[in-house]
Amino acid sequence: MQVERVDFVSVLTQDLQRAKRFYTEVLGLEVESEGEYDMELRLGQVTLDVFDPSSIGQPFAPNPAGFALRVPDVDAARAELEAKGVQFDGETIETSVCRQAWFKDPDGNALMLHRRYDV
């Protein structure tokens, strides 16, 4: 099998309009398409699908592993989000290869601001 790229990643929501406000107004993502139970947002080179699983009879569960949002400056991005009311899970973490700061969307899905040192 040859994988060409990742086309989309998904997170689940219990309230699509609340999720839309967070991802568009707080994070500044652009809506690519929107339906009654899901929406797709431009997340850099990947599409983010935000989906209400109850529309197909499936249970909701937040994603604790989440995904990393590459930003030019983790501290500046964190300050911008904190000014918009986003609460972070602890201090910004410095590893041998990156800086990262964890937070959650309104449904409890984990997200991370991230910047590798070598890129």
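Side notes on the structure shown:
- Trypsin sites (Lys or Arg not before Pro) within the range 29-119, DSSP loop, no more than 13 other Cβ atoms inside 10 Å: Lys84
- Per residue, the solvent-accessible area of the chain (1.4 Å probe, heavy atoms of protein chains only, all protein chains present) comes to 62 Å².
- Crossing angle, helix 74-83 versus the chain [Cα axis fit, 0-90 degrees, rounded to tens]: 60
- Candidates Gln87, Gln100, Gln45, ranked by Gaussian network fluctuation over the chain, Cα under 10 Å, top entry: Gln45
- Rg to Rh quotient for the range 60-113, alpha carbon positions, Kirkwood Rh: 0.96
- Of the residues Met112, Met39, the one with the largest accessible area comes first in the ranking Met112, Met39, computed with a 1.4 Å probe on protein heavy atoms.
- Dipole check for the chain: with +1 at the C-beta of Lys and Arg, -1 at the C-beta of Asp and Glu, and the Cα centre as origin, the magnitude is about 300 Debye.
- On a per residue basis, the convex hull of the C-alpha atoms belonging to the chain measures out at 134 Å³.
- Given charges at Cβ of Lys, Arg, Asp, Glu: the chain dipole, positive-most of Ala77, Gln58, Leu12: Ala77
- Accessible area of the chain belonging to carbon and sulfur atoms, whole % at 1.4 Å probe: 50
- Neighbour net charge for Leu81 - beta-carbon separation under 13 angstrom, K R +1, D E -1: -4
- C-alpha center-to-center spacing [the range 79-119, the range 2-55] in angstrom: 19
- The range 12-58: proportion of alpha-carbon pairs further apart than 13 angstrom, %: 51
- Computed over the chain, the per-residue total of -39500 (n - 2.57) for DSSP H runs of n ≥ 4 gives a 222 nm mean residue ellipticity of -3500 deg cm²/dmol, rounded to 500.
- Contact order, relative form, for the chain: 25 percent (alpha carbon pairs under 8 Å, 6 or more residues apart, mean separation divided by residue count).
The values are calculated or read from the model by the stated rules, or taken from the named source; none is laboratory data. Since we're looking at a predicted model, the values are computed, not measured. When we count neighbours, we look across all protein chains shown, and the Cβ atoms used for this are built from the backbone with ideal geometry, even at glycine. Please note that ligands, DNA and RNA were not included when accessible areas were found on the heavy atoms of the full protein model with its side chains. Shrake-Rupley method; radii C 1.70, N 1.55, O 1.52, S 1.80 Å.
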